[in-house]
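Report on the following structure.
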Amino acid sequence: MPPSTRIECDVLVVGGGMAGATAALAARDGGARVVLVRKAPGSTGLSGGAVSVAQDPGCMPDTPFAARAGVVESARRIAATRPGHPYRLLRDRLDRLWNAVEFATGQMSEVLAPPSGRNRWLLTPFGHAHAAAACHRSMAAGDLAEVRGTLVVCGFEGHLGWDPGLIASGAVRVRALGGPTPRAVLLDLFRWEEGALGRPFDLARLLEAPGAAEEAGRVLRRALQRGDAAAVLPAVLGIDPATRVPERIAAEAGIPVAEILSDLPSVPGLRFHRAIEARLAAAGVEVLQGEVRSGAGPDLPAAVGGREVLARSWVLASGRFVGGGIERRGELRESVLGLPVLASEGPFADPSVRFAARPPASLTLRDSRAPQPLLAAGLRVDDELHPLDAEGRVLHPRIFAAGAVVGGHDPSSDGTGMGVAMFTGWLAGRSAAGRGA
Amino acid sequence: MAGADRDHAYDVVVLGGGVNGAGLARDCAMRGLSVLLLEKQDLACGASGASSGMIHGGIRYMTSDRRVTESASRDAGYIRRIAPHLTFRIPFLLPFATHEEGSRLLDRVAWYATEVYVGTYDLFQPLKGGKPSVRLSADELYRIEPSLRPGLHGAVTLDEWGIDGQRLCLLNALSAAHHGADVRTWTEAESLVREGGRVVAVRFRDAVTGEHGEARAGVVVNATGGWSPRFGRSNGFQVPMRPGKGVHLSLDRRHGNYGIICTAVDGRQMFLMPHEMESIIGTTDDDFFGDPDDLDATADEVEYLVDGAASLVPSIRQARITRAWWGVRTTLFEYGVEEDDLSRDHRILDHAAEGSAGLLSFVGGKLASYRAQSEELADRVVAMLGKGVLPCRTHEVPLPGGDEVPSPAELAARHGIPEPVAARLVFRHGSRAREVLRVADDDPRMKLVLCRDEGILAAEVAWIARHEKVRRLQDLRRRCRLALGGCGGLDCARPAAQIVARELGWDADRLRAELADLLEVGWRERRPVLDGWQLAEEELLRAVHRGLGGL
């Protein structure tokens, strides 16, 4: 291999989602030379616009928004009750959680609104109110904890993808907690046009076009009534934030306008993915596209898409099943370095149980709402984020893990996915660059 | 539907909305009898919906039950006549395999015997419009199916017909309703009412509305399949049966264009076959002593099936399995016989001697022979009622949509929808695809393709909700395979639910409850097969439905 293809660096980050990007940017912030390898958009690129860090597990369902614990306090409560959760492992450093969230959201400030320390309550297409520490700028005006008066919940007359009545039901359910009164309306948009049968990305492109958002704003203004305080629309308000679709609609309508969260396919996910790419480039992180082949860890060359990378430290931020960092082909394994996949809590955490080799049905429970050990599977780490083997020994002092590849949390049920990604990414990036937390 | 038929009197009350119950209801209604069909869940929720999806002639039973093979083949021909849109040809390969290098004389004798056996089956093929078998050399075999393991010595082909078993059931029920029958799904028969050694009425409960009712009946026919023994026990009669659990696996795509007959580790015959948009591996057959309402596929059953298919198609180990599904066969009772050797024949039991005159039970039978079985049952019902009726015409009157098979290309061009979607529409609805597309002509928004996996159009969901006896969202699993494909309902379950809610007047809470129920059923089927990319799909499904949906 010719020497020109070899890159020497301080930190190699594997994975380009929220955890990997945060790790790379944190290491770069400390002056390290950073190479980031990633093969494809993972779960961050499919996310719906919420930055979920911690919901308050101690509150009752009828606890008003204003009386709920702040995000960090909620994370402490999770740490106190969930023995295998990454927040528990890092409990002595949870006072730094907010530094990590502020760092990561600050790095992504083109897309993300600054967090306040308390959860925002955002509507989803399913008629659910979802708690998130931060969200896209385009969504902040739809925070149910902030809107006073009537919230206009919009669907599109010409497109069957969203049902404003269903979306609004999520606000009805939490109105007594301090939320606004929702009113569902169908905006006369996308009717009979070619775009009426489009996927969300097509609709977002249509709204980006000159004049289109303004026209949408005028349609919205005609639907407004006295007392309407803000309006939320499906999450198709432009892919590129620079096209300022929500702002243009709001200016014409004369009312704050926000997107609700998105399911799949996700316009906010694509928007976020692109913003991460742009930020990494601006920060001077070298991004390589491809898979790590024949990599054995720090101080040994790793082959990536025809290049050879030699790094002092590694951060594995390769995700879980969607990202591809953990896979199961008959047995569970970590896919880059072949590290052991272990359960972090519950009966399967006993080393005498061969967690990774058990049949899938035995690692799940029949009630889908119950915690599912298989879907929380990942690496077990110590409080420095070093992956551990089955005996609890550190595998390598300069390999760190961050994000969903770390086991013990099920983002779908505990709502800590982005928070874990930001916190572990920030800590791992700093450690890998030789800075203590 | 609500309350109108409460305390109504019927000539015949049919219990069970499987293919036999629905077929009987159709036959009786077409003969002019008044009919009530009660099904505690949805149509085709039991063995009929969990069948392999074939109206095969039963080559396996040719030596033991030649009569079964003949009647199945003849009836398969009738089904192709009354529902031509719902059937499709599946050419099967019966490869000649040895476990060692080269072939021994014994192997060659066995292959010759197979050829002769299949050649005998060819005699039945004209009855069901199948093609005669062909002997393939090894070269020819690998040319048409390169995924087969090396070292095979050729094969013999076998022509069978695939079908959508769930829609076959549905079409019979719809036809029955068209001829005046009352069809009540999600309505459970709770008890039988007797007067002087005679069953005279059925008490039932509607699971959706919670209301109770009673229907008087000239004859009651128990066609509750795997639930029969339990229903009999709690209602004072006996239904002897050897229930057998059968499990199938679905792959995310068609693995090939030929069905392949394999031998499982215990020597049983099993298959890997293309079916609609997926491939199916089946099936297990084990005595089942549990509760038919509480079934799951086990890790053993999944491994048994994958292993058997991989013995001839090794790459199946890399394939993505999307779900496991199961049902309980209602084979006739016999003691001291292996499951596979149990007769696939059927029997009609008259419970008069147990103090239940006017009550019949149906046990056993095959999907392919459902129509003949229904005819035989209806003849018995008519004899018991002693009424003058019209003759049986179920073999010649098309099922709904079966009168014509429109060209998908023509429909696609005329209505501006993708041709593959039109093809799925024609497959499921036959001539009624035109009616479905009229919905889209009236409201162009309805041309939205909700599911690209199964080719489900918004118009189809709306039309089904209006015309196909939908009471729960999960009924759409069996009407148009909603949330059944590789997507698991990832981006189509919610918009489909929204359309059904609009058609049926559900509020947001009901919509969310129905969606949660649909997704829970899917989770049960995916749990035993979470591996490879299917696990990534599960992570996405969970993130969307549980994380974002709060379901």
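By per-residue mean of other Cβ atoms within 10 Å, what is the highest-first order of A:412-421, A:203-212? Walk me through the intermediate numbers first.
Details: A:412-421: 25.8, A:203-212: 17.8.
Top to bottom by mean Cβ count within 10 Å: A:412-421, A:203-212.
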**OP:** Please determine, in degrees from 0 to 90 and to the nearest 10, the orientation of helix A:97-107 with respect to the longest principal axis defined by the Cα atoms of chain A, where the helix direction is its Cα long axis.
**Re:** 70
Original post:
Alpha carbon centre of segment B:93-161 versus segment B:525-551: separation in Å?
Top reply: 40
Original post:
Along the Cα-to-C-beta direction of B:GLU396, a point sits 7 Å from the Cα; which residues of segment B:51-85 have their amide N less than 15 Å from that point?
Top reply: B:78-79, B:81-82
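With a cut-off of 8 Å between alpha carbons and a minimum separation of six or more residues, what is the relative contact order of chain A in percent? It would help to have the intermediate numbers written out before the result.
Details: 1026 pairs, mean separation 102.1, N = 437.
This gives 23 percent for chain A.
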Original post:
Using bins 5 angstrom wide from zero, how does P(r) for segment B:317-428 break down, in % of all Cα pairs?
Top reply: 2, 8, 11, 11, 12, 13, 12, 11, 8, 6, 4, 2, 0
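For peptide A:157-166, what's the mean number of Cβ atoms from other chains within 10 Å of each residue's Cβ? Display every interim value, and only then the final one.
Values: counts 1, 2, 3, 14, 8, 3, 9, 0, 6, 11.
Averaged over the peptide's residues, the number is 6.
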Original post:
With no solvent and one point on each alpha carbon, what is the Debye value of log10 I(q)/I(0) for segment A:202-352 at q = 0.10, 0.16, 0.19 Å⁻¹?
Top reply: -0.62, -0.94, -1.14
Original post:
Which log10 I(q)/I(0) values, to two decimals, does segment B:411-551 give at q = 0.16, 0.21 Å⁻¹ under the Debye formula with one point per Cα?
Top reply: -0.82, -1.26
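Can you check how the C-alpha radius of gyration of segment A:306-384 compares to 2.2 N^0.38 Å, as a plain ratio? Don't skip to the end; give the middle numbers.
Numbers: Rg = 14.3 Å, N = 79, 2.2 N^0.38 = 11.6 Å.
The reported ratio for this selection is 1.24.
How high is the FRET efficiency from A:ARG199 to A:ALA40, r the C-beta distance, R0 22 Å, rounded to 0.05? Before the final figure, lay out the partial values.
Numbers: r = 19 Å, r/R0 = 0.87.
With R0 = 22 Å, the Cβ-Cβ based efficiency is 0.70.
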Subject >> Amide N of segment A:379-396 lying under 12 Å from the label point, which is placed 7 angstrom from the Cα of A:GLU331 along Cα→Cβ >> reply: none
Subject >> Stokes-Einstein D in µm²/s, Kirkwood radius over Cα pairs - the protein assembly as shown at 20 °C with 1.002 mPa s viscosity >> reply: 70
Subject >> For segment B:400-474 and segment A:379-437, distance of Cα centres in Å >> reply: 50
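Among the listed pairs B:LYS40/B:LYS469; B:LYS40/B:LYS447; B:LYS40/B:LYS366, give every one whose C-alpha distance is greater than 23 Å. All intermediate terms of the calculation are to be shown ahead of the outcome.
On the way: B:LYS40/B:LYS469 14 Å; B:LYS40/B:LYS447 34 Å; B:LYS40/B:LYS366 21 Å.
In this structure, B:LYS40/B:LYS447 exceed 23 Å between Cα atoms.
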Subject >> Zero-based 20 Å bins, Cα pair distances in chain A, whole percents >> reply: 26, 53, 20, 1
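Work out, in µm²/s and without decimals, the Stokes-Einstein translational diffusion coefficient of chain B at 4 °C, 1.567 mPa s, Rh from Kirkwood over C-alpha pairs. Display every interim value, and only then the final one.
Values: Rh = 24.3 Å.
Here the translational diffusion coefficient equals 53 µm²/s.
If I compute solvent accessible area with a 1.4 Å probe over the protein chains, what percent of it on the protein assembly as shown is carbon and sulfur?
On the way: 18170 of 36070 Å².
Here carbon and sulfur together make up 50 percent of the probe-accessible area.
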**OP:** Name every cysteine in the protein assembly as shown that ends up alone, with no second cysteine's Cβ under 4.7 Å, or say none.
**Re:** A:CYS9, A:CYS59, A:CYS135, A:CYS154, B:CYS28, B:CYS45, B:CYS169, B:CYS262, B:CYS392, B:CYS480, B:CYS487
**OP:** Can you grab the distance from the C-alpha centre of segment B:322-389 to the C-alpha centre of segment B:205-239, Å, no decimals?
**Re:** 15
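Please arrange A:ARG226, B:ARG66, B:ARG432, A:ARG191 by accessible surface area, largest first, computed with a 1.4 Å probe and ligands excluded.
On the way: A:ARG226 230, B:ARG66 125, B:ARG432 50, A:ARG191 95 Å².
Descending order: A:ARG226, B:ARG66, A:ARG191, B:ARG432.
Defining a contact as two alpha carbons under 8 Å apart and six or more residues distant in sequence, what relative contact order in percent does segment B:408-549 show?
Working: 140 pairs, mean separation 23.6, N = 142.
Once normalised by length, the contact order is 17 percent.
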**OP:** Take every Cα pair under 8 Å in segment B:99-174 that's 6+ residues apart, average their separations, divide by the length, and report that relative contact order as a whole percent.
**Re:** 28
**OP:** Above 22 angstrom, tally the Cα pairs of segment B:227-318 and express them as a % of all pairs, no decimals.
**Re:** 39
Subject >> Sparse-neighbour loop sites [GluC sites (Glu not before Pro); segment B:362-408; at most 15 other C-beta within 10 Å; DSSP] >> reply: B:GLU396, B:GLU404
Original post:
Stretched out fully, how many nm does the piece from B:GLU410 to B:LYS131 gain, at 0.36 nm a residue minus the Cα gap?
Top reply: 97.6 nm
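Give me the inter-chain shielding for A:358-367: mean count of other chain Cβ atoms within 10 Å, whole number please.
Working: counts 1, 10, 11, 11, 4, 2, 6, 2, 6, 3.
Partner Cβ neighbours, averaged per residue: 6.
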Subject >> Label-reachable residues, segment B:331-362, where backbone N falls under 19 Å from a point 7 Å from B:ARG233's Cα toward its Cβ >> reply: B:331-335, B:361-362
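Within chain B, which is the longest segment containing none of the chymotrypsin sites (Phe, Trp or Tyr not before Pro) that sit in a DSSP loop and have at most 13 other Cβ atoms within 10 Å? Display every interim value, and only then the final one.
Numbers: sites that count: B:PHE289, B:TYR335.
Counting at most 13 other Cβ atoms within 10 Å as exposed, the longest clean stretch of chain B is B:1-288.
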**OP:** Mind checking which aspartates and glutamates have their Cα closer than 17 Å to the Cα of B:LYS128? Skip sequence neighbours fewer than 8 apart in that chain.
**Re:** B:GLU70, B:ASP75, B:ASP159, B:GLU160, B:ASP164, B:GLU396
**OP:** Let me have the 222 nm mean residue ellipticity of the protein assembly as shown computed from DSSP H runs of 4+ only, each contributing -39500 (n - 2.57), with the sum over all residues rounded to the nearest 500.
**Re:** -9500 deg cm²/dmol
Original post:
What's the extension gain from B:ARG67 to B:ALA207 if we count 0.36 nm per residue and subtract their Cα-Cα distance?
Top reply: 46.4 nm
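Averaged over its residues, how many other protein chain Cβ atoms are within 10 Å of peptide B:483-496's Cβ atoms? Before the final figure, lay out each step's value.
Working: counts 0, 0, 0, 0, 1, 0, 0, 3, 7, 0, 2, 9, 7, 1.
Mean number of neighbouring Cβ atoms from other chains: 2.
Mind checking how much accessible area A and B bury in total, 1.4 Å probe, in Å² rounded to 100?
Numbers: alone 18290 and 22320 Å², together 36070 Å².
Chains A and B together bury roughly 4500 Å² of accessible area.
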**OP:** Once you have the Cα-Cα distance between A:ALA223 and A:GLN289, take 0.36 nm times their residue separation minus that, and quote the gain in nm to one decimal.
**Re:** 19.1 nm
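With the alpha-carbon atoms as the only input, what is the per residue convex hull volume for segment A:50-269 in Å³?
Numbers: hull volume 24.5 nm³, N = 220.
About 111 Å³ per residue, rounded to a whole number.
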**OP:** With a 1.4 Å probe and every protein chain left in place, tell me how much accessible area A:ILE78 has, in Å² to the nearest 10.
**Re:** 10
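The values are calculated or read from the model by the stated rules, or taken from the named source; none is laboratory data. From a predicted model like this one, the values you see are computed outputs, not experimental measurements. Glycine also receives a Cβ, built like all others from the backbone with ideal geometry; neighbour counts cover every protein chain displayed. To get the accessible areas, we keep the full protein, side chains included, count just its heavy atoms, and leave off ligands, DNA and RNA. Shrake-Rupley method; radii C 1.70, N 1.55, O 1.52, S 1.80 Å.
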